Amino acid sequence: MRKTSLTRATQGDKSNLFVLKRRSRPSVSDESDSNLVTGHRWAWYVLSFFIPFCGILVGLFLYDQDSREVRQVGRNCLLTGFLVWVVFPLAIAIAVVLVMVLTAISFLGQAFQPN
């Protein structure tokens, strides 16, 4: 809800000039939604870590909100969900392949050892 007020501008010789100023205050429902999200910020992050798909959905929903703090929580949930769902499994797969290659090299080194 925005309130407008008419105030007199006092700049130099233009004292008769009136300026329309807008004061914006968030409504009560916006504040309670923001407090609900930012108050449980760590719960959203834990949900994003353990259930990445839910974290991505929550992140997309929160990223579309007006409050900067809520968008930041949404961005962090998106980032956490993406990292856990995409990057972490790729890193595990690369580590498994690396261990398999090193095991194969070790096996071949022992098999063809000169007597």
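Across region 39-71, what is the total count of residues that are in contact with a Gly (Cβ under 8 Å, 6 or more places away or on another chain), more than 15 Å from TRP85 (Cβ to Cβ) and not aliphatic (A, V, I, L, M)?
5
Take the conditions loosely packed, with under 14 Cβ neighbours inside 10 Å and touching a Cys at 6+ places or on another chain (Cβ under 9 Å) and apply them to LEU60. Does it pass?
Here the answer is yes, as LEU60 does meet what is asked.
hydroxyl-bearing (Ser, Thr, Tyr), modelled with pLDDT under 90, in contact with a Pro (Cβ under 8 Å, 6 or more places away or on another chain) and in a helix (DSSP H, G or I), is that true of SER34?
yes
Inspect region 72-88 for any residue being charged (D, E, K, R) and within 10 Å of the chain's Cα centre (by Cα) and give the result as yes or no.
yes
Out of curiosity, is GLN72 polar (S, T, N, Q) and surrounded by fewer than 10 Cβ atoms within 10 Å (Cβ to Cβ)?
Spelling it out, it is not the case that GLN72 is polar (S, T, N, Q) and surrounded by fewer than 10 Cβ atoms within 10 Å (Cβ to Cβ).
How many residues does region 59-110 contain that are closer than 30 Å to GLY39 by Cβ and assigned to a helix (DSSP H, G or I)?
Residues flagged as closer than 30 Å to GLY39 by Cβ and assigned to a helix (DSSP H, G or I) within region 59-110 amount to 26.
The values are calculated or read from the model by the stated rules, or taken from the named source; none is laboratory data. The shown structure was predicted, so the numbers you read here are calculated from the model rather than taken from an experiment. Cβ coordinates were reconstructed from backbone atoms using ideal geometry, including for glycine residues, and neighbour counts include every protein chain displayed.
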